[in-house]
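Step one of this worksheet: look at the structure below.
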Amino acid sequence: MSSLTDLRLDPYPWYAQMLESSPVVFSPEFGAYLVFRADDVKKVFADHQTFSSAVFDGLSQDFPFENQLTGMDPPRHTQLRALATHAFTPKAVMELEPRIRQIVDRLLDAMFAKEEIDFVRDFSVPFPISVIAEMLGIPPEDFGRFKGWSDTTVEISERLLTGQTEALPEHVAAFDELLGYFRDLLNERRREPKGDLISRLAVAEVEGRALSDTEASYLCSLLLVAGNETTTNLLSNAIRTFAEHPDQWEKLANDPNLASQAVEEVMRYRTSVQLMFRLVKQDTQVGGVAMKAGDRVAVFLGAANRDPAKYDRPNEFDITRPPAPHLTFGHGIHFCLGAPLARLEVTTALKALAGRVSAFRIPEGSDLEPLTNFNLLGLKRLPLRIERRDSGRPKS
Ligand code: HEM
């Protein structure tokens, strides 16, 4: 098997090999059964009684992740998800559309004014943070603290997943600070509600049950992290992919109505969340491979999205391919709560870029450094040369 480091920039040749030769296999390196094919991945997601999401339970006393929605099973998950859905509605997302467009335009103006563009630094990091912070109702002067908190939470999950259960003091301090920050804000909004998501979470009630302070602050921290890192990587992956496929960008630039279709194809072709874990609760089998209660399973969304059994020409990036449902947002009871927001954000960004950019190029010799987290596919930097539609002259 390739090492985890090799997989970070381009895991796809390895996936193609595994899809063909070992679609379900135990990996000592991951300490888990690896599952690659789309039907098997879907089966694991769908059967939450056999495949529990409580993969972090008891791993670290410092980070009680059993309080996090993603790590819960029913009935706790059902209740909390209903409360979260009550506050985080598609309507609340759609209302944000004009504001999202303004944020995109502001960031693009600033990016185009720069001598050297790093798309990650200049757009894909600040954009989703600005949107989710605004949606939650975070005062703008606190935005700067968010990226650090978001990074810390991702690092904590990564450490726990790779068996490093001893918490780093700086992680404990940052996570406590993050939860405390949200607890204070929730209390403020209970006293003086505003129209934002934190105010709605502070008073949300389903069947007479409201969120406790712990639940609400964990939920805010989840929205912050889930809403940031994933969308940042989706945006970077989109632009990296279009820079590598100028013919596809030309199609989009000529017809910006293809934007939402293009977003789906990027999500399939370069999936930003590559894998998710589950814990086997009762003896079972996947793809004919037996698993026992207590085993861990890693489902590879990135591989499932290129399964030749599901897609014609799976390794081709084609924004005009007929609608091809993918597993990028998961499946079943934990299906991504933020999917409508992520779709809206990236579609808006691509439409705006299509109106302003005729071509992208990654300068020759650029070092595309992958993220350190093996479960996320994305880049630390994305240097770009951009040919602007409005000025007609190249801009770097
Ligand atoms: C491209 C962007 C995104 C991707 C690829 C993504 C992916 C995922 C995936 C795969 C899951 C399922 C986790 C599991 O089954 O264990 C999930 C769950 C979740 N996502 Fe997203 N997500 C994205 C954006 C967002 C955004 C923008 C938000 C909110 C602001 C969000 C909030 C959530 C929440 C709260 C859950 C947990 C749902 C539950 O456990 O019931 N996500 N996401």
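The values are calculated or read from the model by the stated rules, or taken from the named source; none is laboratory data. None of the values given here were measured: they were computed from a predicted structure. Methodologically, a virtual Cβ is constructed for each residue, glycine included, from the backbone with ideal geometry; neighbour enumeration extends over all protein chains shown. Side chains are part of the model used for accessible areas, which takes the heavy atoms of the whole protein and leaves out ligands, DNA and RNA. Shrake-Rupley method; radii C 1.70, N 1.55, O 1.52, S 1.80 Å.
Miscellaneous remarks
- Whole-number D in µm² s⁻¹ for the range 216-302, Kirkwood Cα-pair radius fed into Stokes-Einstein, 25 °C, 0.890 mPa s: 155
- Loop chymotrypsin sites (Phe, Trp or Tyr not before Pro), the range 300-355, which have at most 16 other Cβ atoms in a 10 Å radius of their Cβ (DSSP): 335
- Three-way shape call for the range 64-167 based on the alpha-carbon gyration tensor, with the a/c threshold at 1.5: oblate
- The simple spin-label model puts a point 7 Å past each Cα toward its Cβ; for residue 121 and residue 254 those points are separated by 3.6 nm.
- Its residues counted as N, the range 306-357 yields a C-alpha radius of gyration over 2.2 N^0.38 Å of 1.40.
- Of the GluC sites (Glu not before Pro) found in the range 196-268, those that fall in a DSSP loop while having at most 11 other beta-carbon atoms within 10 Å are 207.
- Too-long pairs where the Cα-Cα distance tops 20 Å, listed order kept, from 147/380; 42/91; 42/281; 91/194; 43/310; 194/351: 42/91; 194/351
- Helical content alone sets the calculated 222 nm signal of the chain at -15000 deg cm²/dmol, taking -39,500 (n - 2.57) per DSSP H segment of four or more residues and averaging over every residue.
- Listed residue (379, 46, 256) projecting farthest to the positive dipole end of the range 4-395, Cβ model: 256
- Surrounding net charge for residue 332, when Lys and Arg each add one and Asp and Glu each subtract one, Cβ distance under 13 Å: +2
- Signed unit charges on C-beta, dipole axis of the chain, positive-most listed residue 231, 359, 112: 359
- Comparing 271, 85, 348 in a Gaussian network model of the chain (Cα springs below 10 Å), the most mobile by mean-square fluctuation is 85.
- Structure remark: mean-square fluctuation, Gaussian network model of the chain, C-alpha springs under 10 Å; the largest value among 190, 343, 306 belongs to 190.
- Qualifying trypsin sites (Lys or Arg not before Pro) in the range 107-149, DSSP loop, other Cβ atoms within 10 Å at most 14: 114
- Cα centre as origin, Lys/Arg/Asp/Glu Cβ charges: the chain dipole, Debye: 840
- Modelled spin labels at residue 369 and residue 102, positioned 7 Å past Cα toward Cβ, are 3.5 nm from each other.
- Antiparallel content of DSSP bridges confined to the range 4-395, in %, to 5: 90
- Of all the options 203, 104, 225, the one that moves most in a Gaussian network model of the chain with Cα springs shorter than 10 angstrom is 203.
- Annotation: amide H of residue 55 has no partner in the under-5 Å range at sequence separation 5 or more or interchain, hydrogens built in the peptide plane.
- Rg to Rh, two decimals, where the chain supplies the alpha carbon set and Rh follows Kirkwood: 0.95
- Zone residues, the range 222-252, relative to residue 389, backbone N less than 17 Å from point 7 Å out along Cα-to-Cβ: 239, 242-243, 246-252
- With all pairs of separate Cα atoms included, the range 310-396 yields a Kirkwood hydrodynamic radius of 16.3 Å.
- Per residue solvent-accessible surface (Å²) - the chain, probe of 1.4 Å: 43
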